[in-house]
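The structure under discussion appears below in the form of structure tokens.
The values are calculated or read from the model by the stated rules, or taken from the named source; none is laboratory data. Remember, predicted model here, so these are calculated numbers, not experimental data. Here Cβ is always computed from backbone atoms with ideal geometry, including for glycine, and neighbour counts include all displayed protein chains. Heads up: the accessible areas ignore ligands, DNA and RNA and are worked out on the full protein's heavy atoms, side chains in. Shrake-Rupley method; radii C 1.70, N 1.55, O 1.52, S 1.80 Å.
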Amino acid sequence: MIALLLTLSAADYATQIAPLLHAKCAGCHRPGEVAPFPLLTYTDAKSHAAEIAKVVERNIMPPWKAVEGDFAGSRALTAKEKELIVDWAKAGAPRGNPAKEPAPPVFKTGWQLGEPDIVLEMPVAFEVPAGGNDLYQCFVIPVAVAGYVKAWEFQPGARDTVHHSLFFTDGSRTARKRAADTGTYSCFGVPGFLPSGSLGGWSPGFAPFQSPAGTASRIQPGHDLVMQIHYHPSGKPEKDRSRIGLYLTKDPPPKRIVDIALVSKAIDIAPGDAAYKVTDYFTIPIDVDVVGLIPHAHYICKRMIGWATLPNGKKRTLIRIDDWDFNWQEQYYYRQPMRLPAGTKVEMEFIYDNSAANPRNPSNPPKRVEWGPDATDEMAGLHIQAIPVRMEELPELGRALWGKIMRALGGFIPTTR
Ligand code: HEC
């Protein structure tokens, strides 16, 4: 009888819900952070209980879009944790014994990996208005040192408006020309030049980035670091001057991450089409360790799935996203690298919803959507970050990737008989 009562009664805040909200929500839901209200105390949680139940049930919060794939830093709740929170909120948010409530977590400030070798800061403070549309802005920062970045840490200036940020290097001086005297230009989706390299990306709650063992990204004098920042207006005018601290090594790294880009420009979606499919594939000719994945599309993409078919016919899911949200794009790194043997075929399938029923459709009524860089265009890319198991086989992978590019361009590759 007692056991029955216990299973029927909802969790209480003091012993079960507070630790969960502190671990999974407070990183963003605290004063000065990107989320609109804190979730640190019982009063905070109780006053938002109904909304909490709604967003947790619908997988909107915590923001983490990958539903398959064992990724580092995952913010996802387990099915059990979700149920606990939703049931608690629906039961009227019982408090339990206040004496048992844990103290709100204390978050570290300052550089978590110690003093960086160099700090690159936005050349000017950028003014973000109180309201209106989200802004996408590129900032160009000249690099004066040579070396290899083995780790970096991003420090947003105005934390409550910086939604996410991507970091590229540009050796072509295109970004610098676009930015001219101001050091910045508006850029949605793609940074507006062909990057010579990428350092990855940051979103709230992201730990400092440490490049997978044996790898590092090259930076060199005369190149620029381009910070592409997505601002979400916070309700009050903000001034942001974000910076990134780089941890360098002088020695060239023994290993290299290769971007196996599954991409397609074959996108032409009729208005009203609610399930338009875009695919691409590649057969990896050498053994690789997949360390991470960077999916990319704009607003009307709904589902993304990436998978690998091993030479023995076994299938492995690389990533699955059922409810893609451009505003919560992440760079996903596996907890443990995934070894794929030579001859593995990797594939992607992206589904787009260009109907009026899609609340994220930027065009109302829907219009024809083709490949392109703007918010009302679409893209399809699954960037597989892979390290050759034997570096001496890198040229073979390079040749196969080149063949893939030629295939996409419709070019022919002369074969020798
Ligand atoms: C990575 C940062 C982050 C984490 C972690 C996070 N939130 Fe949020 N939350 C946000 C942001 C930002 C918003 C504002 C809406 C938006 O931008 O999507 C938000 C909005 C909300 C809202 C209001 C929803 C609405 O429709 O306006 C609720 C409720 C909420 N979060 C609950 C939670 C709960 C519960 C957790 C933990 C289980 C959580 N959040 C974890 C960033 C976060």
Summing Lys, Arg as +1 and Asp, Glu as -1, what charge do residues with Cβ under 15 Å from the Cβ of residue 325 carry, residue 325 excluded? +1
Singleton cysteines, the chain, no second Cys beta-carbon under 4.7 Å -> 25, 28, 301
Among residues other than residue 207 whose Cβ falls under 12 Å from its Cβ, what is the net charge (Lys/Arg +1, Asp/Glu -1)? +1
Diffusion constant of segment 246-332 at 25 °C, which comes from Stokes-Einstein with the Kirkwood Cα-pair radius and 0.890 mPa s, µm²/s: 154
Please report, in debye to the nearest 20, how large the charge dipole of segment 258-409 is about its Cα centre when each Lys and Arg carries +1 at its beta carbon and each Asp and Glu carries -1 there. 420
Percent relative contact order for the chain, counting Cα pairs under 8 Å at least six residues apart, stands at 18
Say the dipole of the chain comes from +1 at the beta carbon of Lys and Arg and -1 at that of Asp and Glu; which of 202, 128, 247 then lies farthest toward its positive end? 247
Pick from 98, 388, 195: which residue has the top mean-square fluctuation in a GNM of the chain where Cα pairs under 10 Å get a spring? 98
Compute a Gaussian network model of the chain, connecting alpha carbons closer than 10 Å, and tell me which residue from 405, 319, 229 fluctuates the most. 405
Cβ charges +1 (Lys, Arg) and -1 (Asp, Glu), total dipole of segment 326-394, debye: 220
Please tell me which of these pairs span more than 19 angstrom C-alpha to C-alpha: 24/108; 24/80; 24/150; 302/345? 24/150; 302/345
Net charge (Lys, Arg +1; Asp, Glu -1) of residues whose beta-carbon lies under 14 Å from that of residue 311, residue 311 excluded, is +4
Which of the trypsin sites (Lys or Arg not before Pro) found in segment 177-256 are loop residues per DSSP with 14 or fewer other Cβ atoms within 10 Å of their Cβ? 250
So what is the orientation-averaged projected area of segment 258-409, using the convex hull of its C-alpha atoms, in nm²? 9.1
Once normalised by the length of segment 118-249, the mean sequence separation of its alpha carbon contacts under 8 Å that are 6 or more apart gives a contact order in percent of 54
So if I restrict to the alpha-carbon atoms in segment 118-249, what is the Rg, and what is Dmax, the biggest pairwise distance, in Å? 14.2, 44
Have a look at 99, 356, 14 and tell me which one the Gaussian network model of the chain (Cα, springs below 10 Å) gives the largest fluctuation. 99
In the chain, helical segments from DSSP H whose Cα atoms cover 18 Å or more along their own axis and that average at least -1.0 on the Kyte-Doolittle scale are 394-409
Per residue, how big is the convex hull around the C-alpha atoms of the chain? Give it to me in cubic angstrom, could you? 182
Size of charge dipole - the chain - debye, nearest 20, with Cβ of Lys, Arg +1 and Asp, Glu -1, no other charges: 560
The chain, helix-only ellipticity at 222 nm - DSSP H runs n ≥ 4, -39,500 (n - 2.57), divided by all residues, nearest 500: -4500 deg cm²/dmol
Skip the ligands, DNA and RNA, and give the accessible area per residue of the chain with a 1.4 Å probe, whole Å². 49
Give a quick list of trypsin sites (Lys or Arg not before Pro) in segment 94-124 that DSSP marks as loop, anything other than H, G, I, E or B, with at most 13 other Cβ atoms within 10 Å. 108
A 1.4 Å probe over the protein heavy atoms gives the chain a carbon and sulfur accessible-area percentage of 56
Expressed in square angstrom to the nearest 10, the accessible area of residue 74 with a 1.4 Å probe stands at 40
Relative contact order computed over segment 191-300 (Cα-Cα under 8 Å; 6+ residues apart), in percent: 26
